[in-house]
Each structure stands twice: as C-alpha cells, then as structure tokens.
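Below: the structure, in structure tokens.
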Amino acid sequence: MTADYTKNFLKSLLFTVAFASPFSVFAHAIMVKSQPEQNATLTVSPKQIDVWFNDKVGSEYKAIAVIDSKGNRVDNKDVQQEMLDGSHLYCTIPALPADSYTVRYRVVSIDTHIVTGKFQFTVKP
Ligand SMILES: [Cu+2]
C-alpha cells in the first residue's frame, strides 16, 4: 500500500517535471535524428552530416566533428545552424574513403546545459 503510494507519487512527480511548462520551455537538448543515421552503412560517402535535436540549441559553442578509425578529424570544420530551424546543425565533409567514422557533437541547450554525444557510421563502397 505504502510502496504503491510512493510509486504513484513519484510517477506523478516525474510527469509534472516532464510536462510542466517552465521545464519544457527551457528544454535539455537531446539528439533525435541524424543523417547518416546511427550505425548506418553507406555505399556512397555522404556530402554532409546533419544532426537534429528535440529543441533549438544555442548558436555559440556548437560543434560537429567527424573522426576516422585512426582518430583523424576529416570534416571541413564548417558547422552551421539552420536559420529557420535552430534544432538542426550540419557540416560538410569531403568524399570519404571506406572506413568507419565517429561523429561527435556538442551543443548548448536552451537550459544552458552543455550536451555532447556521438554516433558512428560506416562507408563501404
Ligand atoms: Cu539540461
């Protein structure tokens, strides 16, 4: 009985934290989509890397880096934020040889937290 009550109380507390407007307005950014997708195997080298977040992110301190399997950075160091969709960052890359690559990203969310993450893809012509 008491355990159930505690569980329900915690559940409703989580619900409140997740959906109360002060929190959702100042959201913590989470990557929701990427192109290439995480763990994708591509037969053709992509021309750019796209990363989307669940909310717009800060225009400062944004970074995307593409690293090959030897640890060399291979992107063109030209990260951009889409003008009309601040949740979308992208950078261009040169034609990549067959290898597996790690994309690392760093952004500042609207709630001022720094968010970093990574995903991988493989080019295999
Ligand atoms: Cu946060």
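The values are calculated or read from the model by the stated rules, or taken from the named source; none is laboratory data. None of these values were measured; they are calculated from a predicted model. Using ideal geometry, Cβ is built from the backbone for each residue, glycine included, and neighbour counts are taken over all protein chains shown.
One residue stands out among those in segment 39-58 that are over 21 Å from Asp78 (Cα atoms), under 22 Å from the mean Cα position of the chain (by Cα) and not charged (D, E, K, R): the one that is modelled with the lowest pLDDT, which is Asn54.
I want to confirm something. Restricting to segment 105-116 and keeping residues that are exposed (fewer than 15 other Cβ atoms within 10 Å of the Cβ) and part of a strand (DSSP E or B), which single residue is farthest from the ligand (Cβ to nearest atom)? Residue satisfying both the conditions and the ranking: Thr116.
Can you say whether Ala95 is closer than 21 Å to Pro125 by Cα and outside any strand (DSSP E or B), as far as the supplied structure shows? Taking the combined requirement at face value, the residue satisfies it.
Right, Ser34: within 14 Å of the chain's Cα centre (by Cα), polar (S, T, N, Q) and closer than 18 Å to Ser100 by Cβ or not? The answer is yes for Ser34. Checking Ser100, Ser69, Ser87 one by one, the residue that is within 16 Å of the ligand (Cβ to nearest atom), among the small types (Gly, Ala, Ser) and under 19 Å from Glu37 (Cα atoms) is Ser87 and no other. Within segment 76-92, the set of residues being surrounded by fewer than 15 Cβ atoms within 10 Å (Cβ to Cβ) and in a loop (DSSP other than H, G, I, E, B) comprises Asn76, Lys77, Asp78, Glu82, Met83, Leu84, Asp85.
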